[in-house]
Amino acid sequence: MIDIHTHLIPGVDDGARTAEQALDVLRRFAASGVRCVVCTPHLIASEAAFVPLERYRDRFASLVALAPEGLVLQRGWEIMLDRPGVDLTDATLALGASRAVLVEFPRGTLPSGSTDELARIRRSGIVPVVAHPERYGGVTVRLVREWRAAGAVMQTDTAYLLGSGERASLARELLAEGLVDVLASDNHGDARTLFAARTWLEELGATDAARLLTDVNPGALLSDQVLVPVPPVRADEGTFGRLRQLLRKLTPLSTPAFPDRPA
């Protein structure tokens, strides 16, 4: 598995606070079958030109030195699109060495012109990957279709997919409509994981979708390859409830595995 959205560089944002906390997560990831993790600290688009790269570079290098054998770490950012028109073509902003950039919108009301902004980014030669589209107020299935038509990739958080509430329902609706391209943990030094979502999908019999969402398509993004369309995955609420209980038992930490409102 490949996780393209995590906050594990110690002490740089609201993610892992210490190297020990980050290392604990990386060990669990490796044990569950994750082979590549992209560390994506928060970054505000309008401040991208002023980010202290040395601070992030040194802490990332220290984390790489501690990572379990066989687990590859790459760098990236989760970039808040706080205003339109910001140039995101600098290679240091990308996911790994790719042309893909992980972006998010502000919490609360979705800004107008979101589709136009994603289309502008795509025209610049960058592939915008929208983090957790299910999280934003005012997002609908129709709008997500527009974003994808504009050239954006949709990355759903596993915590929402396996959670409860309105946002979780939207995440599962997007999956049922075949509008999710990639899954990621959005781990902040806690129990969120790709393993739980992959297990859930496989229990549903959606083995191909599980592989595409957690391995094939994330790998394609990082290598600038064409993503494979993910077939719709549907589950009735009864089946979902039973599987969710199972997955809670599979998560060993006391931190809630599937928070209703992940960071």
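Summary of computed values
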item	result
Prolate/oblate/rounded label for the chain (Cα gyration tensor, a/c 1.5)	oblate
Volume of the Cα convex hull of region 1-151, divided per residue and given in Å³	113
Heavy-atom accessible surface of the chain: percent carbon and sulfur, 1.4 Å	51
Point-to-point label distance, R35-D58, nm (Cα→Cβ direction, 7 Å offset)	3.4
Spacing of the two label points (7 Å from each Cα toward its C-beta) at Q225 and R142, in nm	3.7
Accessible solvent surface per residue of region 10-92, calculated while the other protein chains remain in place, 1.4 angstrom probe, Å²	51
Sum of -39500 (n - 2.57) over DSSP H runs of 4+, divided by residues of the chain (222 nm, nearest 500)	-10500 deg cm²/dmol
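The values are calculated or read from the model by the stated rules, or taken from the named source; none is laboratory data. Quick caveat: nothing in here was measured; it's all calculated off a predicted structure. Positions of Cβ are backbone-derived with ideal geometry, glycine not excepted, and every protein chain shown enters the neighbour counts. Only protein heavy atoms, including side chains, enter the accessible area calculation; ligands, DNA and RNA are left aside. Shrake-Rupley method; radii C 1.70, N 1.55, O 1.52, S 1.80 Å.
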